[in-house]
Every structure is written in C-alpha cells, then in structure tokens.
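A short write-up of the structure that comes next.
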Amino acid sequence: MDNCIFCKIAGKHIPSTFIYEDDDLIAFHDINPAAPIHFLIVPKQHISTLSDCDEGHAPLLGKMMLLAPKLAQEQGCAYSIDSDGRGAGGFKTLFNTGPDGGQEVYHLHLHVIGGPHPWRGQR
Ligand code: 5GP
Ligand code: ZN
C-alpha cells in the first residue's frame with residue numbers, strides 16, 4: 001500500500017530501528033509511547049484491521065500473540081512468578097480496530113505496553 005506508514009517502515013523506505021524482524025513480522029518502539037515500554041508488532045503484509053482477518057490469518061495472528069511475551073521479556077516487562085507465588089511485571093496487549101476502537105494507523109498492529117503500571121498511561 002503506497003500511502004501506508006507501516007508498509008513504508010516494513011519496506012525500509014523510512015529509517016526505523018526494529019527490535020525484531022523475521023519473514024512475516026517486524027516490531028519497533030511506538031513513536032508516542034503510552035507507558036515506559038511500548039512497542040508494536042506488525043505484519044509485513046498489509047492488512048488494514050483485525051476485522052479484515054479470516055481463518056487464513058490465524059497462524060499470523062497466533063505468531064504475533066506469541067511474540068509479545070518473548071519481546072516483553074527482552075524489553076524488560078516480562079511477567080514472572082516468584083518463589084512465594086507472587087506475580088510480578090507484565091504488560092498489556094491491544095489491537096485497536098476502527099474509529100470507535102481508536103485505530104489511527106490502518107495497518108494491523110499489536111500494541112505491547114508495559115513497565116510499571118502501564119494501565120495508568122493514556123490507553
Ligand atoms: P493505533 O491507534 O492505530 O492503534 O496506533 C497507532 C500507533 O502507531 C500509535 O500509538 C502511534 O504513536 C504509532 N505511530 C504512528 N506513526 C508512527 C511512526 O511513524 N513510527 C512509529 N514508531 N510509531 C508510529
Ligand atoms: Zn500497510
């Protein structure tokens with residue numbers, strides 16, 4: 001898609017620092033973070049919204065979801081359980097869909113938002 005910012009980032013037409021890349025996905029820090037840790041997991045393929053996905057996209061969506069905790073670990077917001085059974089750390093995962101879902105960029109992306117108390121951010 002010619003006018004899509006995330007296609008331009010994925011196609012390396014706009015210089016960006018990726019925190020992850022494989023054949024299907026890229027991940028990079030959000031330009032306007034809502035919390036201390038805020039990155040986006042983005043398919044290289046242009047898909048406008050989650051509502052445009054069908055059964056054929058299930059492996060891609062699964063891959064995006066499973067990448068979230070791996071990158072959260074690397075970025076410093078892993079969820080863990082200590083020896084006393086207490087949970088610590090963690091993050092939010094979020095797809096915004098459509099105007100009422102607050103979507104601004106119409107290229108599918110999964111927000112991963114972490115750091116201390118990420119729910120006190122803007123989202
Ligand atoms: P949405 O509201 O569509 O779910 O989220 C789009 C996100 O993309 C926003 O959090 C916004 O800050 C981020 N964003 C928009 N343009 C760029 C960009 O050019 N670079 C980066 N790194 N993030 C962007
Ligand atoms: Zn796109």
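Any chance you could list P(r) for region 48-111, counting all Cα-Cα pairs in 10 angstrom bins from zero, rounded to whole %? Over region 48-111, the share of Cα pairs per 10 Å bin runs 19, 39, 30, 11, 2 percent. Normalising the average separation of contacting C-alpha pairs (under 8 angstrom, six or more residues apart) by the number of residues puts the relative contact order of the chain at 30 percent. Take the alpha carbon atoms of region 73-121, find their center, do the same for region 37-55, and report the distance between the two centers in whole angstrom. Their Cα centres are 15 Å away from one another. Return the carbon/sulfur percentage of the accessible area of region 45-102, one whole number, probe 1.4 Å, all protein chains in place. Of the solvent-accessible surface of region 45-102, carbon and sulfur hold 52 percent. For region 50-57, 3J(HN,Hα) computed residue by residue from phi via the Karplus equation (6.51, -1.76, 1.60; θ = phi - 60°) reads 4, 6, 8, 7, 10, 4, x, 8 Hz, glycine and proline entered as x.
Per the Cα gyration tensor, region 15-65 maps to an equivalent ellipsoid with semi-axes of 22, 13, 10 Å, ordered largest to smallest. Each residue of region 32-49 was assigned a 3J(HN,Hα) from its phi angle through the Karplus expression (A = 6.51, B = -1.76, C = 1.60, θ = phi - 60°), giving 10, x, 8, 7, x, 10, 8, 10, 10, 9, 10, x, 5, 5, 6, 10, 5, 9 Hz with x at Gly and Pro. Can you tell me the 0 to 90 degree angle between the C-alpha axis of helix 58-75 and the longest principal axis of the chain, rounded to 10? The angle comes out at about 50 degrees.
With the simple model of a label 7 Å out from the Cα in the direction of the Cβ, Ser80 to Asp100 spans 4.2 nm. Among the GluC sites (Glu not before Pro) in region 1-105, those placed in a DSSP loop whose Cβ has at most 10 other Cβ atoms within 10 Å are Glu104. Over the C-alpha atoms of the chain, the Rg to Rh ratio, Rh being the Kirkwood estimate, stands at 0.98. Per residue of the chain, the DSSP helices (runs of n ≥ 4 H) give a summed -39500 (n - 2.57) that works out to -6000 deg cm²/dmol at 222 nm.
The values are calculated or read from the model by the stated rules, or taken from the named source; none is laboratory data. Everything quoted here is computed from the prediction, not taken from an experiment. Glycine gets a Cβ as well: all are built from the backbone with ideal geometry, and neighbour counts include every protein chain shown. Surface accessibility is based on the protein's heavy atoms, side chains included, excluding ligands, DNA and RNA. Shrake-Rupley method; radii C 1.70, N 1.55, O 1.52, S 1.80 Å.
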